[in-house]
Amino acid sequence: MTGRIKKKLILSELSNTPDQQSEFLICPLCDTAVPKSQRDEHHLVPKSHRGRQTAVLHRICHRQIHAVLTETELARQYNTVEQFKLQTDMADFIKWVRLKPDDFFERARKSKRLRS
(Lines give C-alpha, C1' and ligand atoms only; values in the text may rest on other atoms or scores of the structure.)
Protein backbone atom coordinates (compact mmCIF):
# COMPACT_ATOMS: atom_id res chain seq x y z
CA MET A 1 0.00 0.00 0.00
CA THR A 2 1.35 3.40 -0.96
CA GLY A 3 1.21 6.58 1.10
CA ARG A 4 -1.22 9.40 0.42
CA ILE A 5 1.37 11.80 -1.00
CA LYS A 6 2.85 9.20 -3.33
CA LYS A 7 -0.63 8.12 -4.41
CA LYS A 8 -1.59 11.72 -5.25
CA LEU A 9 1.64 12.14 -7.22
CA ILE A 10 0.97 8.96 -9.21
CA LEU A 11 -2.62 10.00 -9.87
CA SER A 12 -1.59 13.48 -10.99
CA GLU A 13 0.90 11.96 -13.46
CA LEU A 14 -1.77 9.62 -14.80
CA SER A 15 -4.35 12.39 -15.03
CA ASN A 16 -2.22 14.13 -17.67
CA THR A 17 -3.46 11.60 -20.22
CA PRO A 18 -7.02 12.51 -21.31
CA ASP A 19 -8.37 8.93 -21.60
CA GLN A 20 -7.23 8.00 -18.07
CA GLN A 21 -8.39 11.21 -16.39
CA SER A 22 -11.93 9.99 -15.68
CA GLU A 23 -10.70 6.71 -14.18
CA PHE A 24 -8.87 8.18 -11.16
CA LEU A 25 -10.54 10.29 -8.50
CA ILE A 26 -9.64 10.96 -4.87
CA CYS A 27 -12.39 10.63 -2.26
CA PRO A 28 -12.54 13.99 -0.45
CA LEU A 29 -13.61 12.24 2.76
CA CYS A 30 -10.95 9.54 3.19
CA ASP A 31 -8.30 10.92 0.76
CA THR A 32 -7.78 7.64 -1.10
CA ALA A 33 -8.23 6.76 -4.77
CA VAL A 34 -11.77 5.80 -5.78
CA PRO A 35 -11.96 2.90 -8.25
CA LYS A 36 -14.51 3.40 -11.01
CA SER A 37 -16.64 0.55 -9.66
CA GLN A 38 -16.82 2.10 -6.16
CA ARG A 39 -17.95 5.65 -7.03
CA ASP A 40 -21.09 7.21 -5.59
CA GLU A 41 -22.32 10.77 -5.94
CA HIS A 42 -23.48 12.25 -2.66
CA HIS A 43 -25.80 15.27 -2.53
CA LEU A 44 -24.23 17.52 0.10
CA VAL A 45 -27.70 18.83 0.89
CA PRO A 46 -30.26 16.02 0.32
CA LYS A 47 -32.48 16.27 -2.73
CA SER A 48 -35.50 16.18 -0.40
CA HIS A 49 -34.23 19.52 0.97
CA ARG A 50 -33.62 20.95 -2.53
CA GLY A 51 -29.92 20.18 -2.67
CA ARG A 52 -28.17 20.12 -6.03
CA GLN A 53 -24.43 20.11 -5.38
CA THR A 54 -22.80 16.66 -5.34
CA ALA A 55 -19.43 15.18 -4.42
CA VAL A 56 -17.98 11.89 -5.69
CA LEU A 57 -17.19 9.59 -2.76
CA HIS A 58 -16.25 5.97 -2.14
CA ARG A 59 -19.38 3.85 -1.94
CA ILE A 60 -18.43 2.75 1.60
CA CYS A 61 -17.96 6.38 2.73
CA HIS A 62 -21.28 7.41 1.17
CA ARG A 63 -23.19 4.61 2.84
CA GLN A 64 -21.58 5.35 6.19
CA ILE A 65 -22.75 8.96 6.00
CA HIS A 66 -26.35 7.83 5.58
CA ALA A 67 -25.98 5.18 8.28
CA VAL A 68 -24.83 7.75 10.85
CA LEU A 69 -26.70 10.96 9.95
CA THR A 70 -30.32 11.80 9.15
CA GLU A 71 -31.32 13.84 6.11
CA THR A 72 -32.29 16.74 8.36
CA GLU A 73 -28.86 16.71 10.00
CA LEU A 74 -27.23 16.57 6.57
CA ALA A 75 -29.23 19.58 5.39
CA ARG A 76 -28.72 21.72 8.51
CA GLN A 77 -25.28 20.86 9.94
CA TYR A 78 -23.27 18.51 7.76
CA ASN A 79 -23.53 19.97 4.26
CA THR A 80 -19.79 20.09 3.49
CA VAL A 81 -17.10 17.41 3.44
CA GLU A 82 -15.10 19.29 6.10
CA GLN A 83 -18.06 19.11 8.49
CA PHE A 84 -18.32 15.33 7.94
CA LYS A 85 -14.72 14.97 9.05
CA LEU A 86 -15.46 16.77 12.33
CA GLN A 87 -18.42 14.54 13.28
CA THR A 88 -17.13 12.01 15.86
CA ASP A 89 -18.59 8.81 14.36
CA MET A 90 -17.40 9.78 10.89
CA ALA A 91 -13.92 10.74 12.16
CA ASP A 92 -13.51 7.27 13.69
CA PHE A 93 -14.76 5.67 10.47
CA ILE A 94 -12.34 7.71 8.33
CA LYS A 95 -9.37 6.61 10.45
CA TRP A 96 -10.47 2.98 10.05
CA VAL A 97 -11.23 3.05 6.32
CA ARG A 98 -7.92 4.74 5.41
CA LEU A 99 -6.15 1.53 6.43
CA LYS A 100 -8.19 -0.54 3.93
CA PRO A 101 -7.42 -1.11 0.22
CA ASP A 102 -9.00 1.30 -2.30
CA ASP A 103 -11.57 -1.23 -3.52
CA PHE A 104 -12.60 -2.38 0.00
CA PHE A 105 -16.34 -2.53 0.69
CA GLU A 106 -18.33 -3.59 3.72
CA ARG A 107 -22.00 -3.22 4.56
CA ALA A 108 -22.79 -0.11 6.62
CA ARG A 109 -24.94 -0.58 9.70
CA LYS A 110 -27.34 2.06 11.00
CA SER A 111 -26.16 3.71 14.19
CA LYS A 112 -27.98 2.84 17.41
CA ARG A 113 -29.09 6.46 17.67
CA LEU A 114 -30.99 6.21 14.35
CA ARG A 115 -32.43 2.76 15.02
CA SER A 116 -34.27 3.78 18.17
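Structure data summary
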item	result
Close pairs from the range 100-111: first modelled with pLDDT under 80, partner among the charged types (D, E, K, R) and part of a loop (DSSP other than H, G, I, E, B), Cβ under 9 Å, at least 6 apart	E106/K100
Leading residue by the ranking (surrounded by the most Cβ atoms within 10 Å (Cβ to Cβ)) among those in the range 38-75 that are of a type in the set (S, T, N, Q) and closer than 16 Å to L25 by Cβ	Q38
Selection from the range 76-116 of residues that are over 14 Å from the mean Cα position of the chain (by Cα) and surrounded by 17 or more Cβ atoms within 10 Å (Cβ to Cβ)	none
Residue pairs meeting the criteria (Cβ under 7 Å; at least 6 apart or on separate chains; first in contact (Cβ under 8 Å) with a residue 60 or more places away in the chain, in the range 25-43; second of a type in the set (D, E) and surrounded by fewer than 22 Cβ atoms within 10 Å (Cβ to Cβ))	T32/D102; A33/D102; P35/D102; P35/D103; Q38/D103
Scope the range 81-99; condition farther than 18 Å from D40 by Cα, touching a residue at least 12 places away in the same chain (Cβ under 8 Å) and either of a type in the set (A, V, I, L, M) or in a loop (DSSP other than H, G, I, E, B) (or both); matching residues	Q87
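The values are calculated or read from the model by the stated rules, or taken from the named source; none is laboratory data. Computed from a predicted structure; not experimentally measured. Virtual Cβ from ideal backbone geometry, glycine too; neighbours counted across all protein chains shown.
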